[in-house]
Amino acid sequence: MNETTKTLYFVLAAALIAAVAVVVDPSRSTPDVFDDVGEVFFAEFTDPQSPRTIEVIDYDEATATATPLKVEFRDNKWVIPSHHGYPADAEERLATTAAALIELRKDRIVSNQAQEHSDYSVVDPLDDQATSLAGRGKRVRLLDSEGSAIADFIVGKAVDGKSGYRYMRIPGQNRTYEVKTDADVSARFEDWIETDLLKVSPFDLRRIEINSYTINERLGRIENRQQTVLTQQDNKWSYAGQEPNSETMSDLTTALDDLRIVDVQPKPEGLSEDLKARSGIQPTMENFRSLQGKGFFPNPYTGQILSNEGEIVVDSKDGLRYTLRFGEIAAGGPGGQDSEASEEAEGERRYLMISVEFSEDRASAHEGDTTKGKELADELQTRFADWYYVISGADFGKLRPSRTALRAS
C-alpha cells in the first residue's frame, strides 16, 4: 500500500470518527438546522412607534379568496383604507401588537419542508401557486413611514397542548417555527374600530320605542305597523305596565351598549353635509338614489326618513335621542376564517342609519347632565352623518324584539 492510499484511509477514518462523535455527543457540534433557535424574528425592529401601516391578509376557504385589511396612519389619524378610509381606533392595538413582535423569538423549529406548510397552516394566503385551499395562514406586514417592511410573517394555527403558542413562518422561507406570542393580529374590521359606537350604557337608557313596519315599495305605503314602548325607572324596565322578559331586555340593551359594526359604506358628500347642517336633506337625485339604494325613503315634504325594516328610538338620561333605522340587506358576509365572526354575523346583515338629537328638556326631566349631553350629541351627529353602517344579522334580531319575546315568561 503506497503512502497516498494510506493517507486517504486516515482522512476517511478521521471523518467517520468525527461523525460518530457528533451522534454520541451532540453537544460537541451544533448542526445548521438549529442555528437560529432563540433568535428574535425581526432584529432591526426596535421601536414600537415606528409602524405606520399594518396589513393583515386572511384567507376564506369557502370563496377561495384572500381577504385583506389595511390600517394606515394618514393626516395624523389612523384610518382603514380597505373600508373607505373609516376612522380606526388602532393606536393602542397597534402599539400592543408591535411591542409583542419586538420580543418575538424562534422558540423551536418544527419543519424545514415546504410540503409540510399546510400541516401547520402557514401557507401564504397570497400564494396563487399553492394547489390546496386548506392550510393557509394569516399574513401580517408592518410598514414604516417610507413603506418599507419592518416585519413580515405568516401566522399559522395554534400548537396543540401549548397555550399561547402558534406556528409561524417568514414568507419566502421553508422553515416553520413554534412561537410563543401574545400578538393580536386580527383581520376583522370590527376589531380595529371604535367599539362603543353610541357611547351610552344600559344604565343611562330611559326609554326605548320600537317602531316595527315594512315599506311596500311597489305600492308606496307602510305596512305591518306596530309600536312598542319600554321605559326604565330606578333600574327597572316596564312594558305595558309589566316587567318585560329579562333575557330579551338584556339582549336589547347589551346590543345598544356594544353595537358591533361589521362594515361601512360612505354617504355621498352632499348628503353628509346636509345631515351635519341639520337643515333637512336636499331633494337631489343623488341623495334619493343613495338613500333608497340602502333601504331608506325620505319624504321630500316633511323631511321624515322611513326605513325598509322599521326603526327604534332610544332616549338617554342626558337628553340624547338616538334613531336607529334598519334598511336593506347588505351584500357580503364575514371575512376570513374566524368562527366567532361567522357566528356573530349569522343571518342577513343589514344597513343601519343612525341619527341623534339633543333636548335640554329631556335631560332635565331625567336629571341628566345637559352640558355633557349637548357636547356628545354634536360629536356623534358629525360622526353618524358620513356613514351607512352594516350590522350583523344577530344584532339586527336583538334590536327588534317582538311583543311576544318581551312578555315575561
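Among the residues of region 215-243 satisfying the criterion of being polar (S, T, N, Q) and surrounded by fewer than 14 Cβ atoms within 10 Å (Cβ to Cβ), which is nearest to K294 (Cα to Cα)?
Our first condition is that a residue be polar (S, T, N, Q); within region 215-243, this holds for 216, 224, 226-228, 231-233, 235, 238, 242.
Imposing the further condition that a residue be surrounded by fewer than 14 Cβ atoms within 10 Å (Cβ to Cβ) reduces the set to 216, 224, 226-227, 233, 235, 238, 242.
Working: N216: 15, N224: 20, Q226: 22, Q227: 23, Q233: 36, N235: 36, S238: 33, Q242: 36 Å.
Only one residue fits best here, namely N216.
Taking the condition assigned to a strand (DSSP E or B) and touching a residue at least 24 places away in the same chain (Cβ under 8 Å), does D58 pass? Step through it out loud before you land on a result.
Working: assigned to a strand (DSSP E or B): yes; touching a residue at least 24 places away in the same chain (Cβ under 8 Å): yes.
Taking the combined requirement at face value, the residue satisfies it.
Residue by residue, here is whether (1) assigned to a loop (DSSP other than H, G, I, E, B); (2) of a type outside the set (G, A, S); (3) surrounded by fewer than 20 Cβ atoms within 10 Å (Cβ to Cβ) holds:
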position	(1), (2), (3)
T371	no, yes, yes
E379	no, yes, yes
V390	no, yes, no
D395	no, yes, no
R400	yes, yes, no
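Specify the residue that is farthest from T231 (Cα to Cα); the eligible residues are those in region 373-408 that are of a type in the set (F, W, Y) and touching a Gly at 6+ places or on another chain (Cβ under 8 Å). Show your work before the answer.
Of the residues in region 373-408, the ones of a type in the set (F, W, Y) are 384, 387-389, 396.
From what's left, touching a Gly at 6+ places or on another chain (Cβ under 8 Å): 388, 396.
Details: Y388: 28, F396: 21 Å.
Filtering region 373-408 for residues that are of a type in the set (F, W, Y) and touching a Gly at 6+ places or on another chain (Cβ under 8 Å), the one farthest from T231 (Cα to Cα) comes out as Y388.
Considering each residue of region 144-166, count those that are over 14 Å from I57 (Cα atoms), outside any loop (DSSP other than H, G, I, E, B) and in contact with a Pro (Cβ under 7 Å, 6 or more places away or on another chain), and give that number.
1
Hey, among A130, A114, A99, A90, which residue is crowded, with 19+ Cβ neighbours inside 10 Å and small (G, A, S)? Before the answer, list the steps.
Values: A130 fails: crowded, with 19+ Cβ neighbours inside 10 Å; A114 fails: crowded, with 19+ Cβ neighbours inside 10 Å; A99 fails: crowded, with 19+ Cβ neighbours inside 10 Å.
Unique residue meeting the criteria: A90.
I'd like the full set of residues that are of a type outside the set (G, A, S) and over 29 Å from W78 (Cα atoms), limited to region 158-178. Reasoning before the result, please.
Step one: filter region 158-178 for residues of a type outside the set (G, A, S), giving 159-160, 162, 165-171, 173-178.
Scanning region 158-178 gives V159, D160, K162, Y165, Y167, Q173, N174, R175, T176, Y177, E178.
Quick check, is V22 touching a helix residue (DSSP H, G or I) at 6+ places or on another chain (Cβ under 9 Å), β-branched (V, I, T), farther than 24 Å from V264 by Cβ and at pLDDT 70 or above?
Considered against the rule, which asks whether it is touching a helix residue (DSSP H, G or I) at 6+ places or on another chain (Cβ under 9 Å), β-branched (V, I, T), farther than 24 Å from V264 by Cβ and at pLDDT 70 or above, V22 comes out as no.
Would region 190-199 turn up any residue that is more than 22 Å from the chain's Cα centre (by Cα) and either closer than 30 Å to R52 by Cβ or not basic (K, R) (or both)? Full working, then the answer.
Step one: list which residues in region 190-199 are more than 22 Å from the chain's Cα centre (by Cα), which gives none.
No, every residue in region 190-199 fails to be more than 22 Å from the chain's Cα centre (by Cα) and either closer than 30 Å to R52 by Cβ or not basic (K, R) (or both).
State all residues of region 25-50 that are exposed (fewer than 13 other Cβ atoms within 10 Å of the Cβ), in contact with a helix residue (DSSP H, G or I) (Cβ under 7 Å, 6 or more places away or on another chain) and either under 16 Å from D152 (Cα atoms) or at pLDDT 90 or above (or both); if no residue qualifies, say none.
T46, the sole residue that qualifies.
Within region 184-202, is even one residue part of a strand (DSSP E or B), touching a residue at least 12 places away in the same chain (Cβ under 8 Å) and in contact with a Lys or Arg (Cβ under 6 Å, 6 or more places away or on another chain)? Break it down into steps so the answer makes sense when it comes.
Step one: list which residues in region 184-202 are part of a strand (DSSP E or B), which gives none.
No, every residue in region 184-202 fails to be part of a strand (DSSP E or B), touching a residue at least 12 places away in the same chain (Cβ under 8 Å) and in contact with a Lys or Arg (Cβ under 6 Å, 6 or more places away or on another chain).
The values are calculated or read from the model by the stated rules, or taken from the named source; none is laboratory data. Nothing here was measured: the structure is a model prediction, and the numbers come from that model. Ideal geometry is used to build each Cβ from the backbone, glycine not excepted, and the neighbour counts take in all protein chains shown.
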